[in-house]
Amino acid sequence: MKKIVLTSVLAVFAVSSAQAANYFVGGSAGLSMDDTHTNIVNVAPEVGWKYNDNWDFGMGINLGYTYNDDEHNDDVFNYGVNGFTRYKIAQFGDFKLLAKASVGANFQTLFSDVDVRDGETTIGLSASVVPMITYDISEAFTLYANLNFMGVYAGYNFENKDLDVPEDWSFGFNVDSSNVANTGAFQIGFLYNF
């Protein structure tokens, strides 16, 4: 009986260890400052599961803060959650080209000197498919870049009368080769693979 229990416990640990090797954590962070008195800080952690060599599934959180030193001092806190899947299109050595599809909910809360605007929140739903590239530094670490200058997008914004935001659908297909070298069009991050 002891051998059966010990074998069962070892089998559970073996399966758990094998499954743990399929998980990853990571994300990206960014800082932007310019001459227009607008400063932006973004953090986007993510966690996911590698289904096989071609498919990944995961969840991400987006957190951002925009400081505006303008006439209204309208600062914006952005936050949201999204689910995503990534599919490997091609591999060239340690480089991979992937398509990333994501669906999420996004919120923006405004902090303003104007009382009617202060504390108001806008809500939006979004879906997108964008290409991305990854580079495996080692078995454990991967760098990635979302190529946001190209993709298919859809979104829905809920109405907020105090901010003059109408209920609105948006759809788009974006290809902008002039922004390939513009770092503002990239989201660069890392993944740690277990």
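Things worth noting here:
- Full extension of the segment from Val175 to Glu159, taken as 0.36 nm per residue of separation minus the current Cα-Cα distance, would add 2.9 nm.
- Taking N as its residue count, the alpha carbon Rg of segment 70-132 over 2.2 N^0.38 Å: 1.69
- Estimated inter-spin distance, Ile137 and Asn52, nm [label 7 Å along Cα→Cβ]: 3.0 nm
- Dipole size of segment 102-162 about its Cα centre, with +1 on Lys/Arg Cβ and -1 on Asp/Glu Cβ: approximately 240 debye, rounded to the nearest 20.
Bear in mind that the values in this text are calculations on the coordinates, not laboratory data. Small disclaimer: the values here were computed from a predicted structure and weren't measured. Reconstructed Cβ throughout: ideal geometry from the backbone, glycine too, with neighbour counts over all protein chains shown.
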